[in-house]
Amino acid sequence: MRFFKGFLLSVLMMAFMVFPVYAAETIKIGAILAVTGPASFLGAPEANTLKMLADEINSKGGIKGRKIELIIKDSGANPEKAISFAKQLIEEERVFAIIGPSTSGETLKIKNICEKGKTICISCAAAEKIVNPVAKYVFKTPQKDSFAARKIFMQMQKMGIKKIGVVVGNTGFGKAGKAQLEKLAPEYGIDIIISEVYDKKATDLTALVTKLKAKGVEAVVNWSIVPAQAIIAKNMRQIGLNVPLFQSHGFGNIKYVKAAGAAAEGIIFPAGRLLVADVLPDDHPQKPVLMKYKRDYESRFKEEASTFGGHAYDAFMILVTAIEKAGFDKEKVRDAIENLKGFVGTGGIFNFSPTDHNGLDIDSFEMLTVKNGRFVLLEQK
Amino acid sequence: MRNIYLKILALTITVVGIDLVTNAMDKTYYLTQLTMSLYYAMVVLALVLLMGYAGQISLGHAGFFAIGGYTTAVMSTINLLPYKDKPLINTLDKLRLLVLREDLYGDQILSFNPWVGVLLSLLIVAIVAYIIGIPVLKLKGHYLAMATLGFGIIVYRIVLGTALFGEADGISDVPAFKILPGLSINGEMDTKRMNYYIAAFFVVVLVYLLLNLINSRPGRALRAIHGAEEAAEASGIDTAKYKLKAFVISAVITALAGALLTHFNGGIGPSEASVMKSVRYVAIVAAGGMTSVWGGLSMAMILNFLSLRGYFGSYDDAVFGAVLILIMLFAPEGLLSLKIRTGIKKKTKQPHNI
Amino acid sequence: MSTELFFQYIAAGLTYGFIYAIVAIGFNIIYNTTGIINFAQGEFVMLGSMTAITLNAFMPLPLAILLSVLITMIVGAIMEMLFFRWLESPTVLRMIIITIGLSIIIREIALAIWGENVRALPYFTGNEVTSVSIFGAHISPQVLWVIGICSIVVVALQMFFKFTRYGRQMRACAANREAARLCGINAKNMVTLSFVLSAGIGALAGCVVSPITYSQYNMGVPLAIKGFTVAILGGLGNSMAAVAGGLVLGILESFSVWIMPSAYKDAISIAILLLILFFRPGGLFGRKEELALKEF
């Protein structure tokens, strides 16, 4: 009896497959984002940003007269789902391009799939491995980790810091950052005397910062994108470890500053200019773009814009710009992205080339600090 | 016995039928998610053996899956080219255990033949399951659930904290697994049908073995343990031995699924080792009715297929949570039993210890 | 290691320890009356702190906490009445699976309500950088709050179980449910009461730890796992032992960071859990005679 019910169910399942596929004069853009799950602080603002931009462009009549059909797939930061979705978007939906994924692990899993499927993929994840080795169809918008590390080290040199402690969260972002810091430190004559990894869901890091204190570090670099980066700031001050705290560009979310409260004061970190858009000089080329994105996002979603949403903004607008230039031929659009110069985005000014699929340089970062609960430029302070 | 062959025949026809239908409708891309679902179904069937037949819960099967997948992923992506002249590597090469390949970006990689990785992963899991099985299976109820959960968490932590396993990024660029000339497990778009049939083959064989097991002597012993462990012990069944065997076999099947899916996907990430994955497998087994091979198989195929295609959107976990609660509240013997109960009076069966 | 550092590690360990202990006590209450391990215990903690944070926007902190504890208690009662009360002699396996399912559902509902944002209650005294110095170790005043409230809860619970009618009835149910029923105790209501109590304690725990750990929709699971480890370490069902177990685990974890990479910190506590389960399933403090009667 059970067997036949099972049999019936599988027949039902075949019926499931007879879903209609709509074909219209739209341009399909897929997105694989970690809207929920452990990386939702990346995926959620990214998804919001894409929806906002697609609506905006469609209300103006679309790109070259064709409306955008945005297909957002929530991977929950699961690589196996990203793989499934990537194949689905490429083979089945035949999307024009894929925005995302949000995390490095997922992007690295689908890099080959996009490459073989000849589909443009503009990732919103940080790891350098995404664009090195260069895959013909894979691009990314977040700044390179190595630039952030260099910025931090340059600042340390200015401050005369020699012995530092490095702590990172156990996410792909933290892992990549740790590798860059350890690789570049000798170039700047800086000695990493202790390097530690903590759990992305860590709730208290007193023991860890005590260990840092015991080693006598002159500064701490924390490289992570998780809530724990606010906890580490708090715990350091609580136990009286009063050395400068450097954060990565993953700190670019005012929520973390709020969470860290008084402990956030004086944290130094590199970031794109989105966070300090209002204090940028008026003649800065990025200012109009940044202010518009920030205003639009904040008025629609009633939450502060973060640099993560900005990565999706850049990815989407780079694609749109390239399509406007090259039309609706995938190959030509890919070439257009590769040759795109001087594109002003939220992350910086992009100059792509066949060997550089990120397009940003070290000037895309600004050193920021926290003053009275707000982000300000370090040099303005 | 003839009954079993009929069932296997029907299953095979279903497998072929699905392929033909998708082809006729020009929707072969469904085969990608179907293939992945088939591998996950192997895990569910392995759990039916452990939970349904032997009555032992495991909240750590994602751990075995991950050990299987990660072992073969490491073995087939580790680049030994710089050490080519070391005597050990040289010997391995001479034994034809190594293969040289070129990746998409033109780099040469010398690594183990996937056969070595897959077999090694099964061996490692068998040993691990045996070693932890001895103390774990002495526990019952909550203690057993918590111990297996703990095992799963440790695997997850190790995977996430170890550079060799790629930490949070996992391992990508896992090459194809060439089983025989012309037969290989890979994620290429033009070999979808072959891969579907390979996965289906494993599932059909597994179903056949499980159906045979029920009617065999060990199968009866396991069911006796499920029904009443003390009684089984009293009637001379070495319960510890049978439980351990079921545990190890279940773990090895799970590891095989993990290894094969890793080759199909071309990579693996830490999410495969997460607690939520283990809970999902249990949810599917529960939805299928714990003891039912067919229930487990059909539920695994339907739920995984829909989940992997993204039908549940952002409510993926919520769907599995709801399935768990509803099934356990209203149909603890599985969805398939629900209609039977309302229809024909159910034949008196041996009491289920669910 | 200097004494100052030593005490700093001890202080960190105490912080972890009391947080775990207060979660473990919640486990124990339900376990005692029903024999269920409530895998959704961590969700009570999450609900309590998230509700308090939301309420704190409209009212003073003490009132917000009080109200959120009450609300979570009601959720606990509803949960018991909807999902457990009417089940006839459910097996352990079924119970485990239901509570796991509940934990997932509550988490997803919380995600729908509050989103993925990280929030926190304000520090009860001082702010993020305030610390008091004890034996050269710096401790946030919030840690003292955690320790204080945890101690009060433990003492109050002991008094409740010893001296009040309901408390005694609950103990009677824990000792022998059938016999308690024959004596005219409404065992079903006692089970509901245990869920209510447990939810309340969980919510209170969520409120006190929120300034330290922050609150997020998915904070429950890791806390529940630690809480369970501690409950087992002390011996399931024994609240005083849970506090001791919490301190042991907290301090072990804290010092483990000193010796080895902190990436493996959580693996350590789980390894301890497994060792205890394998070799002393009655917990560190379980008595031999009692253990002989229990089944693991």
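Quick notes
- Being crowded, with 24+ Cβ neighbours inside 10 Å, more than 13 Å from chain A (Cβ to nearest Cβ) and of a type in the set (S, T, N, Q) is a property that does not hold for B:SER37.
- Whenever a residue of region C:237-258 is within 14 Å of another protein chain (Cβ to nearest Cβ) and at positive phi, its partners that are surrounded by fewer than 24 Cβ atoms within 10 Å (Cβ to Cβ) and aromatic (Phe, Trp, Tyr), lying with C-beta atoms within less than 7 angstrom and at least six residues away or across chains, give the pairs C:GLY237/C:TYR31.
- The one condition in (1) modelled with pLDDT under 90; (2) crowded, with 21+ Cβ neighbours inside 10 Å that B:ALA240 fails to fulfil: (2)
- Checking every residue in region C:83-95 against the condition of being charged (D, E, K, R) and crowded, with 21+ Cβ neighbours inside 10 Å gives zero matches.
- Scanning region A:343-363 for residues that are in a loop (DSSP other than H, G, I, E, B) and closer than 19 Å to A:PRO142 by Cβ turns up A:GLY345, A:THR346, A:GLY347, A:GLY348, A:ASN351, A:PHE352, A:THR355, A:HIS357, A:ASN358, A:GLY359, A:LEU360, A:ASP361.
- Residue within region C:30-52 that is in contact (Cβ under 8 Å) with a residue 24 or more places away in the chain, part of a loop (DSSP other than H, G, I, E, B) and more than 22 Å from the chain's Cα centre (by Cα) present: no
- Among the residues of region A:109-138, those that are at the interface with another protein chain (Cβ under 10 Å from one of its Cβ atoms) and over 19 Å from B:GLN33 (Cα atoms) comprise A:GLU115, A:ALA125, A:ALA127, A:LYS129, A:ASN132, A:PRO133, A:VAL134, A:ALA135, A:LYS136.
- B:ILE109 falls short on exactly one of the conditions (1) touching a strand residue (DSSP E or B) at 6+ places or on another chain (Cβ under 6 Å); (2) crowded, with 22+ Cβ neighbours inside 10 Å, and that condition is (2).
- Near pairs, Cβ below 7 angstrom, 6+ apart or cross-chain, from region C:158-174 (under 17 Å from C:ILE201 (Cα atoms)) to any residue that is assigned to a helix (DSSP H, G or I) and of a type in the set (Phe, Trp, Tyr): C:GLY167/C:PHE160; C:GLY167/C:PHE161; C:MET170/C:PHE161
- Residue within region B:79-98 that is under 29 Å from B:LEU149 (Cα atoms) and not charged (D, E, K, R) present: no
- Across region A:177-219, the qualifying residues are those that are of a type in the set (Asp, Glu) and touching a residue at least 24 places away in the same chain (Cβ under 8 Å), and the one among them that is surrounded by the most Cβ atoms within 10 Å (Cβ to Cβ) is A:ASP204.
- Criterion (assigned to a helix (DSSP H, G or I), within 13 Å of the chain's Cα centre (by Cα) and buried (at least 24 other Cβ atoms within 10 Å of the Cβ)) met by exactly one of B:ALA259, B:ALA283: B:ALA259
- The set of residues in region B:16-33 that are closer than 15 Å to B:ALA200 by Cβ and either part of a loop (DSSP other than H, G, I, E, B) or more than 9 Å from chain A (Cβ to nearest Cβ) (or both) comprises B:VAL16, B:ASP19, B:LEU20, B:ASN23, B:THR28, B:LEU31.
- Selection status of B:ALA24, more than 15 Å from the chain's Cα centre (by Cα) and either modelled with pLDDT of 95 or more or on the phi < 0 side of the Ramachandran plot (or both): yes
- Residue check, C:SER215 of a type in the set (Ser, Thr, Tyr) and either surrounded by fewer than 24 Cβ atoms within 10 Å (Cβ to Cβ) or at pLDDT below 85 (or both): no
- Residue match in region C:264-274 (condition: without any contact (Cβ under 8 Å) to a residue 60 or more places away in the chain and touching a strand residue (DSSP E or B) at 6+ places or on another chain (Cβ under 8 Å)): yes
- Any chance A:ASP314 is in contact (Cβ under 8 Å) with a residue 60 or more places away in the chain and in contact with a Ser or Thr (Cβ under 8 Å, 6 or more places away or on another chain): yes
- Counting the residues of region A:101-137 that are under 19 Å from A:GLU46 (Cβ atoms) and either in contact with a Pro (Cβ under 6 Å, 6 or more places away or on another chain) or part of a helix (DSSP H, G or I) (or both) gives 11.
- Total residues in region C:82-108, condition facing chain B (nearest Cβ under 8 Å) and hydrophobic (A, V, I, L, M, F, W, C): 11
- Contact map, region A:286-306: residues that are surrounded by fewer than 22 Cβ atoms within 10 Å (Cβ to Cβ) paired with residues that are in a helix (DSSP H, G or I), Cβ distance under 6 Å, separation 6+ or inter-chain. Pairs shown: A:GLN286/A:ARG273; A:MET291/A:ALA277; A:LYS294/A:ALA277; A:ARG300/A:MET52; A:PHE301/A:ASN48; A:GLU304/A:ILE254.
- Single residue of A:GLU93, A:GLU69, A:GLU106, A:GLU80 found to be within 11 Å of chain B (Cβ to nearest Cβ) and either surrounded by fewer than 24 Cβ atoms within 10 Å (Cβ to Cβ) or within 17 Å of A:ALA54 (Cβ to Cβ) (or both): A:GLU93
- Meets criteria (surrounded by fewer than 24 Cβ atoms within 10 Å (Cβ to Cβ), at pLDDT 90 or above and not in a loop (DSSP other than H, G, I, E, B)) for B:LEU119: yes
- Test: residue in region C:90-104 that is in a loop (DSSP other than H, G, I, E, B), over 17 Å from C:THR213 (Cβ atoms) and at pLDDT below 85: yes
The values are calculated or read from the model by the stated rules, or taken from the named source; none is laboratory data. From a predicted model like this one, the values you see are computed outputs, not experimental measurements. Counting neighbours? That spans all protein chains shown, and the Cβs are built from the backbone with ideal geometry, glycine included.
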